[in-house]
Each structure stands twice: as structure tokens, then as C-alpha cells.
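S.K.: Supplied in C-alpha cells, the structure appears directly below.
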Amino acid sequence: MQELFIKKPFTFDSTFLPNREKFKQNKVSTMRFEDYHITFEIKKNLSKLGFVKPTDIQFKSIPPILKGEDVLAIAQTGTGKTAAFAIPIIDKLHQQKNLRRNDGIKCLVLVPTRELAQQIGDVFEKLSRHTRVKTFTLFGGVEQNTQIARLEESLDILIATPGRMFDLISQGYIKLDRINTLVLDEADHMLDLGFIKDILDIKRKLPKKHQTLFFSATINEKIKKLAYSLVENAIRIQISPKDPVARNVNHSVAFIKMDDKRFFLERLITENPESKILVFVRTKVRAERVFKAMERVNITSVTIHSDKDQKDRFSVMSQFRSGEVKVLVATDVSARGIDIPNVEYVVNYDLPEQSENYVHRVGRTGRGKEKGFAVTFCSDEEKPILKEIETFMGKEITVMDIEKNDYHDTLDFTEDADGNWKALINDNEAFLKKQKKPFKGKRRK
Ligand code: AMP
């Protein structure tokens, strides 16, 4: 049996390269961070992180943010957008002569999920080391007393998910009257999760004069309306608008029956034992089913979805991040925006309900300079969604040629003895044969 999913020598998938003209327009910076007029400590922190040159979004966002302009940026994760706002925010606060701790929070960064809050908090923490700026990350699902204690200490930047933040505002532990910068990250996701009314409420409570930085991975009429209700005379920045998908990702789709998907996943994992593989499913029940199916064939995986408590979620993420476990099965909401190094494969085990989510999913691989592979398992009933995704991206996804023999080989390949699927298939075929009229011609094997 030939290897089906084994990595081919990587070639750029030309269909996903950005339009050359557009690429030229997006002037790529030749500047280095050492050339910027920013705090020395931040430069040192950047260099420790290995960041030498700004990414496109950083090159375009840092100057206007430093000037105090509102910014409306369309850029997905993987573009370096976190540092694009973190660098100028920390710099401005550090340089503020009258920065006084007991003044309260000066910058609020609102993000949709706990994982994202932790990840962004981590970037702020690393970039603000040895500066005068103090940051703190707040999210739900964990005990609140230690958070309250921390909020009562001096603090300049708060990174938070809306739920816990509103709780603590209503209990009087968070004051908004000194905030002069509001960042909305993954604003499109905030909209999906129904946080928008809360955000508008927050906005009303801030001092009249403040800077708003609005970041969204995707743009549509709804997002536009929201953005314009929040920013004023904003500088607009858009990174690869028609090519939202990371450029160094090789995309393919395999047509696989719904019930056979687990065998193909098993095969993909077995053929790539060293690779980190992120598997997306539609629901938490499906996530647990895939986990069990893999367990039956002795493949270790972990799952992340909204039914898991926060401790579990963090522990799963850290196991996957470190590579201790190589397969993570996730739902869309739980994995949105997370940045995990070296994910080589994103598997769309189920197609996403919304075509935009394809972009978020595959954005987990091919980050920075890494190469990534996005493999979609598409059943007959999912073909209309595939069409929508292709329309959304304006590109067709390369179809993997799986020959009939190879398809059957994959079913033979499994060690899933418990499932006794072969017996089921045989039974089923026997049943169908009985129902059919006697076949007169030669039957193909
Ligand atoms: P983000 O889009 O903020 O999630 O960042 C995506 C990845 O790019 C993260 O792993 C960052 O550590 C990395 N990154 C961000 N800015 C730079 C830079 N200027 N140079 C190299 N890597 C970067």
C-alpha cells in the first residue's frame, strides 16, 4: 500500500499564493526593530523572542498606534498581530512620565476566549519585562479571589475575556475611568459569541477621549458596521484581504464517507508519527468520539471543547504545545485564535459550519515561516459546504486522488478490532445484495 498522507516535498500551492500585484502593493518592510524609536527594554525583549524585523501588520500598525490614532485592522492570527498592538501600547505607557500605578488600568484588551487571553497575556508579559508596565490576564473558569487580589495591586494593562470581566466590574473590582486604550481582538469572533452589546456598554463607560484598536480576522457587512460604530477616523489596515489563508499552507481535500473518516485519520497519524496534528470536529460529542476511536487503535490524543473545565483545557494545551501529545481534537470555538508552534497538519475531520471558520482552522498551521498541510475530509453530505468554502476563498482546493483500492486499503489498515466494522460492511453488503434483483452480467470484484 502506498503512503497516502505522507508529506510530499513541500511545494507552494500556487493557487494560494497572493495575487502578485497586491503583494507588491503591500510593501514589505526592510526595517528592523532596532531602527524603531521604541523603549530599549522592549527592543531587548523582542530580540530575546527572536523577532528581528516587523511583520507586515506590525510595520503598518505600530506607527499609527504610537501616534494615538484609532486603527481598524483586518488580519488573522499568524500574522504577528498581537505584537502589532502590544509593542506600541507598552512603549507608550513606559514612556508616560506621569505613569502612576494607583491610577488604575490604562489599557483594556478584550478577547473572545480564555486560551486566547492567556496567549495574548503571555506576549504582553514577555514584551513588557523590565519596563515600568504591569500587565494582568483575567478569564473565567478559575477561582476569582486571587484575581481580585491581583486587581487590587497596581496594574496598567488588563487582558480579559468579557464574562469574568463583567462579573468583576459589577462587583466593583475593576474601574474603567482611566482607560485610554481599548483593544478588541478577534472582534468577528466576539460578534459570533454575542458579546457585542457588552462591548458597546463598556465603550460608553470609558473616558470620552480614548484610542480604539479594532482587530478582526475576517470582514463582512456586520463587522464593518460594528467597527465603524466603535472607531473614529481610523487608520485602516488590511493584510492580504482576498487571501486570508496563510500562504505557506498546502490545501487538499479527500472525499471520504462520514463513517470511514476515523480510519483515514488513523492512517494520517500513523504515516506521520512525528507530526503535530490538530483535528477539527463540529461538536464536543464528535470530539470525544474521535478521541475514543483513536484510543481503540492505540493512538494517544487529547480533546478540547467547552465541556472541559479550565484546568483540563490548560493542561491539554500545554501537552500539545510541548509535543508530549501529538494529536489534539478540537471544536472551532475552543481552538480559535490559539497559537501553537509546529502544527504540521490541520485536519478538517468535519467541515466547519461557517466557511469563515475554515480560514481560522487552517491558520493554525503554516505559521510564520513554517510549512503546513491542511487536509479536509469531505463526505457527500458536506460537499455543499466545501463549495461555500471555495467561494469564500475564491479558490478551489486540490482534490486528493484516492483510488478505490487505496480507499479499501485504508479500511484494511486499521487496527480497530472492537468496531468490527468489516463484519458490519459485509453484513450490509449481503443485505443489499439480497434486496437487488439477480445480477445477470459479470460482477466486478
Ligand atoms: P500572532 O498573529 O500574534 O498570533 O503571531 C503569530 C506568531 O508569529 C507567533 O508565534 C509570534 O511569536 C510570531 N511573531 C510575531 N511577530 C514576529 C516577528 N516580528 N518576527 C518573527 N516572529 C513573529
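The values are calculated or read from the model by the stated rules, or taken from the named source; none is laboratory data. This structure is a prediction, so every number in the text was calculated from the model and none was measured. For neighbour counting, all protein chains shown are included, and Cβ atoms are generated from backbone atoms with ideal geometry for every residue, glycine included. SASA here: full protein model, heavy atoms, side chains in, ligands and nucleic acids out. Shrake-Rupley method; radii C 1.70, N 1.55, O 1.52, S 1.80 Å.
S.K.: Would you check if there is a residue in region 391-399 being in a loop (DSSP other than H, G, I, E, B) and either basic (Lys, Arg) or out of contact with any helix residue (DSSP H, G or I) (no Cβ under 7 Å at 6 or more places or on another chain) (or both)?
M.R.: Yes, some residue in region 391-399 is in a loop (DSSP other than H, G, I, E, B) and either basic (Lys, Arg) or out of contact with any helix residue (DSSP H, G or I) (no Cβ under 7 Å at 6 or more places or on another chain) (or both).
S.K.: What are the residues in region 74-91 that are in contact with a helix residue (DSSP H, G or I) (Cβ under 8 Å, 6 or more places away or on another chain) and away from the ligand (no atom under 11 Å from the Cβ), if any?
M.R.: Selection gives Pro88, Ile89, Ile90, Asp91.
S.K.: Here's a follow-up. Checking the conditions here, which among Tyr228, Tyr173 is part of a helix (DSSP H, G or I) and either in the same structural domain as Asn342 (by TED's automatic domain parsing) or not β-branched (Val, Ile, Thr) (or both)?
M.R.: So the residue among Tyr228, Tyr173 that is part of a helix (DSSP H, G or I) and either in the same structural domain as Asn342 (by TED's automatic domain parsing) or not β-branched (Val, Ile, Thr) (or both) is Tyr228.
S.K.: Sticking with this one: Filter region 330-355 down to the residues that are of a type in the set (S, T, N, Q) and more than 16 Å from the ligand (Cβ to nearest atom) and list them by number.
M.R.: Thr331, Ser334, Asn348, Gln354, Ser355
S.K.: Inside region 83-118, can you point out the residues that are acidic (Asp, Glu) and open to solvent by less than 30 Å² (accessible area, probe 1.4 Å)?
M.R.: Those that are acidic (Asp, Glu) and open to solvent by less than 30 Å² (accessible area, probe 1.4 Å): Asp91, Glu115.
S.K.: Continuing with this model, one more query. Looking at region 273-295, I want the residues that are closer than 14 Å to Ser306 by Cβ and have a partner that is not β-branched (Val, Ile, Thr) with Cβ atoms under 6 Å, at least 6 apart or on another chain. Which pairs are those?
M.R.: Filtered contacts from region 273-295: Val281/Ala287; Val281/Tyr349; Val281/Asp350; Arg282/Asp350; Lys284/His305; Lys284/Asp307; Ala287/His305.
S.K.: Further question: What number goes with the only condition from (1) open to solvent by 10 Å² or more (accessible area, probe 1.4 Å); (2) within 15 Å of the ligand (Cβ to nearest atom); (3) over 22 Å from Met190 (Cα atoms); (4) touching a helix residue (DSSP H, G or I) at 6+ places or on another chain (Cβ under 6 Å) that Thr131 does not pass?
M.R.: (2)
S.K.: Among the residues of region 249-263, count how many are of a type in the set (Lys, Arg) and either in a strand (DSSP E or B) or not assigned by TED's automatic domain parsing to the domain that holds Val290 (or both).
M.R.: Here the count works out to 0.
S.K.: Which ones in region 32-70 are more than 8 Å from the ligand (Cβ to nearest atom), of a type in the set (A, V, I, L, M, F, W, C) and not in a helix (DSSP H, G or I)?
M.R.: Ile38
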